[in-house]
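The values are calculated or read from the model by the stated rules, or taken from the named source; none is laboratory data. Being a predicted model, the structure only gives us computed values, none of them experimental. Don't worry about glycine lacking a Cβ; one is built from the backbone with ideal geometry, like all the others, and counts go over all protein chains shown. Heavy atoms of the whole protein, side chains included, go into the accessibility calculation; ligands, DNA and RNA do not. Shrake-Rupley method; radii C 1.70, N 1.55, O 1.52, S 1.80 Å.
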Amino acid sequence: MELKQYFRVVQRKWWLIAVIVVIAMVAAAVKSFYFTTPIYAANAKLIVNQFSGDRAATLNASTIQTSIFLINSYKEIIRSSAVMNKVVEQYPELGESPSQIAAKISVTSANNSQVMNLVYEDVSYTKAASVVNAVSTVFKEQIPNIMNVDNITILSEADPTISPAPININPVMNMLISFVISLLLAIGFIFLLDYLDDTLKTEVEIAEIMEVPVLAVVGRISRKELKRSTRSKAIPKQKAGESQYASLHQ
């Protein structure tokens, strides 16, 4: 099949493509606004130093590198039962179990950075902020007991009074993705329909398949043209001066 034939197939079924795309985009918008439970993320930032207080060391490449190595251990410690149990014990109003908090919290850090980013996700932003702040505070308190070093500083806490947008609802992006995917699927669908349709629609197809020249073509007649043709045949032709009515004086 040549490129022109592909364009001809798309042009013949453009309305079907439009219907599929519109339905898909409307469905994506409805799902985004009415059938998606909003999830909010609250974050807090911690910085890891080699020592703090009276034991503070002069910052150099070695101490910074040591702090960066400690972060990998702290990522595991912060989600351990030693920290999670203390969070539940000190903040029973959160209404979460240690395993639930550990499953919903994530700890990340940029490459060669001493900053740890704690993120907690929940359907309520106020609750998410309370949990991530509680974890940050308890983690800072427990590190001296676990590692025998006090080197955690809380840079920022989540503000429970703000109202951020949910992280899982983006109608514009969802509709854009739906448009692209539905367009590709619609085009593939009409090509499939054209492949399965073995009827001959043009004289060019007949000439290609039958390998014989086309001698005549019967044009398509609309209903209006057919009625007009039938009506014109029903009216008898009359010569000038002739009348179909009899005279009274005959």
Query raised in the report: So what's the gap between the Cα centers of the stretch 1-26 and the stretch 114-172, to the nearest angstrom?
Result: 49 Å
**Report entry** In sequence order, calculated HN-Hα J values of the stretch 128-136 (Karplus, 6.51, -1.76, 1.60; Hz; x Gly/Pro)
**Finding:** 4, 5, 5, 5, 5, 5, 5, 4, 4
**Report entry** Spin-label proximity, PHE191 to the stretch 1-22 - amide N less than 14 Å from point 7 Å beyond Cα toward beta carbon
**Finding:** 1-11
Report summary line: HN-Hα couplings for the stretch 150-166 via Karplus (6.51, -1.76, 1.60; θ = phi - 60°), in whole Hz with x for Gly/Pro, come out as 9, 10, 10, 10, 7, 7, 8, 10, 6, 8, x, 8, 7, 10, x, 7, x
**Report entry** Computed Kirkwood radius, in angstrom, where 1/r is averaged over Cα pairs of the stretch 117-160
**Finding:** 11.2 Å
Report summary line: Given backbone amide H placed at 1.01 Å from N, residues whose amide H is under 5 Å from that of SER156, ignoring those fewer than 5 places away on the same chain, are LYS45
Requested in this report: For TYR125, tell me the accessible area in Å² from a 1.4 Å probe, rounded to the nearest 10.
Outcome: 30 Å²
